[in-house]
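Engineer: I have a structure here, written as structure tokens, and I will follow up with some questions on it.
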Amino acid sequence: MISAFAASSPLSSSSRIAAPLLESDAITVRYGRSIACEAVSFSVAPGEVYALLGRNGAGKSSLVRCLLGQQNPSAGRARLFGGDSWTTRVRALERVGVVPEEPDAPPEMTALRLADFCRRLYPRWDGASVTRRLDRFEVPRDVPFGRLSKGQKCQVLLAMALAPSPDLLVLDDPTLGLDVVAREFFWEEFLGDLADRGTTALVTTHDLAAIEGIATRVGVLKMGRLIVDEDVETLKGRFRRIRYANRMTETRTEFGNELDAFDAVRVRVRGWGIDAVVSNWDESVFERFRLMDGVEGAEATALSIEEIFVALAGEADGNGGRT
Amino acid sequence: MRGLRLDFSSASPIWSQIDEGMRRLVASQVLPAGTAVPSIRDLAGDLQVNPATVAKAYQRLADDGILIVRRGEGTYVADAAPAIRRAERIRLVRDAASRYASLAASVGVSADDAASELAAAWRRLGNAKGDRR
């Protein structure tokens, strides 16, 4: 049926049939002998908010530079709107709004001068939206960019990124170093644009609590490899924390493999028993598990994206549980 | 929005939490018939979730006749919001039963004892209703 609600951009996996706006096709980036990322493949479909997560040094920045055509990958292809990012970047970037990791603009320019400068680069430019947003963020109009606070700089760059009504928004850890109030302002503004235009976005961030309800799909980079690439609902559906006490009994004299069916990504031995995060959750298997000899008081709880990320990224050998 | 809380560590998806939360608010008359509900944009900002997630919940609520969309005006609680559907009722009870069974098991109460406690609670409920008459 036809949706009565304008902002109902696709959340289901069926949306992935549409041609991706952004695509990383087996991208590898090497610097001399060190590898920043290796054979990374994922794509961002229209209407998706793709959260690319990873610890510092996991390879996010190199990957984002390749995707935006600012760097040529050592192997593989980056594609924007179906065209090679590196060769078509000049035209493609007219349709992309970027908020970079480091707020970067000529320090002597005021926000309005900056807007004036940017409008010439974009065929579609909504100047009114810039002044509206600057007012809302209370960014002083006569203060040069270099003297604004970190939070104000980010707001200015978000206003610039949204002004050309971009088909794709790339936010590269936009709230890094912002205080909690400035962070909330930033995400609210982003949510407003999602509501108004159903914007497609790639977001890298350490602000996992904020992205929790916003992301529709999640990728996790770990030491240059993409170990997770799936819809939020699917991801949350297959992860659980399982806690139980393990007791030796007459028939059970050792433990060690009872979690195998669940593909544990992290197992901690606590005073009271076992605390595990598993990546292959199955309710009926768990019903049998809790009745196993020597397993007592087993309980399973669902996890937030943040908890899943910590379990995956924090383990020395943790992988997506699928290898 | 008051009375609507999300749990990101829940097994239930966010759109479904919004859907259920709104149903509860309507069923308990916190949102009486004819009340305007927040716009998708406002509720998304309020809950800090993707507007598409709110839209998905609203779409279900509209499909089930709980919300009515008046073009250009807004979204309202339907005048005769239908009672909770049978499938929904069963699911709610099944979820609560799982929680109860798990609690009983964890404190070492047998299935029989747990069942008789439930029956006793049910009887007390009946008495309480009788008292009110």
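Engineer: Pick from A:65, A:91, A:132, A:79: which is more than 15 Å from residue A:160 (Cα to Cα), modelled with pLDDT of 90 or more, in a helix (DSSP H, G or I) and basic (Lys, Arg)?
Structural biologist: A:65
Engineer: Considering the range A:160-181 alone, what residues qualify as being of a type in the set (Gly, Ala, Ser) and either in a helix (DSSP H, G or I) or surrounded by 21 or more Cβ atoms within 10 Å (Cβ to Cβ) (or both)?
Structural biologist: A:161, A:163
Engineer: Any idea which of A:51, A:26 is under 14 Å from the mean Cα position of the chain (by Cα), not in a loop (DSSP other than H, G, I, E, B) and not acidic (Asp, Glu)?
Structural biologist: Every option except A:51 fails the conditions.
Engineer: Tell me, which residue of the range B:3-30 that is touching a strand residue (DSSP E or B) at 6+ places or on another chain (Cβ under 8 Å) and more than 10 Å from chain A (Cβ to nearest Cβ) is surrounded by the most Cβ atoms within 10 Å (Cβ to Cβ)?
Structural biologist: Out of the qualifying residues, it is B:22.
Engineer: Another question, if that's okay. Please find, within the range B:47-80, the residue that is nearest to the other protein chains (Cβ to nearest Cβ) out of those that are in a helix (DSSP H, G or I) and of a type in the set (Lys, Arg).
Structural biologist: So the residue we want is B:56.
Engineer: For the subset of the range A:206-253 comprising residues that are more than 11 Å from every other protein chain (Cβ to nearest Cβ) and of a type in the set (Ser, Thr, Tyr), which member is surrounded by the most Cβ atoms within 10 Å (Cβ to Cβ)?
Structural biologist: Among those that are more than 11 Å from every other protein chain (Cβ to nearest Cβ) and of a type in the set (Ser, Thr, Tyr), it is A:249.
Engineer: Additional query: Suppose we keep only residues that are outside any strand (DSSP E or B) and hydrophobic (A, V, I, L, M, F, W, C) within the range A:182-205. Which one would you say is farthest from the other protein chains (Cβ to nearest Cβ)?
Structural biologist: A:182
Engineer: Moving on. Would you check which residues across the range B:40-59 are surrounded by fewer than 18 Cβ atoms within 10 Å (Cβ to Cβ) and touching a residue at least 12 places away in the same chain (Cβ under 8 Å) and list them?
Structural biologist: B:46
Engineer: Sticking with this one: The conditions are (1) more than 13 Å from the chain's Cα centre (by Cα); (2) of a type outside the set (A, V, I, L, M); (3) within 14 Å of chain A (Cβ to nearest Cβ), and residue B:35 fails exactly one of them. Which is it?
Structural biologist: Going through (1) more than 13 Å from the chain's Cα centre (by Cα); (2) of a type outside the set (A, V, I, L, M); (3) within 14 Å of chain A (Cβ to nearest Cβ) one by one, residue B:35 breaks only (3).
Engineer: Can you find a residue in the range A:257-269 that is in contact with a Leu (Cβ under 9 Å, 6 or more places away or on another chain), crowded, with 22+ Cβ neighbours inside 10 Å and either β-branched (Val, Ile, Thr) or more than 13 Å from every other protein chain (Cβ to nearest Cβ) (or both)?
Structural biologist: Yes, because at least one residue in the range A:257-269 is in contact with a Leu (Cβ under 9 Å, 6 or more places away or on another chain), crowded, with 22+ Cβ neighbours inside 10 Å and either β-branched (Val, Ile, Thr) or more than 13 Å from every other protein chain (Cβ to nearest Cβ) (or both).
Engineer: Give just the number: which of (1) within 20 Å of the chain's Cα centre (by Cα); (2) within 14 Å of chain A (Cβ to nearest Cβ) does residue B:86 not satisfy?
Structural biologist: Evaluating residue B:86 over (1) within 20 Å of the chain's Cα centre (by Cα); (2) within 14 Å of chain A (Cβ to nearest Cβ) leaves (2) as the failure.
The values are calculated or read from the model by the stated rules, or taken from the named source; none is laboratory data. Being a predicted model, the structure only gives us computed values, none of them experimental. Virtual Cβ from ideal backbone geometry, glycine too; neighbours counted across all protein chains shown.
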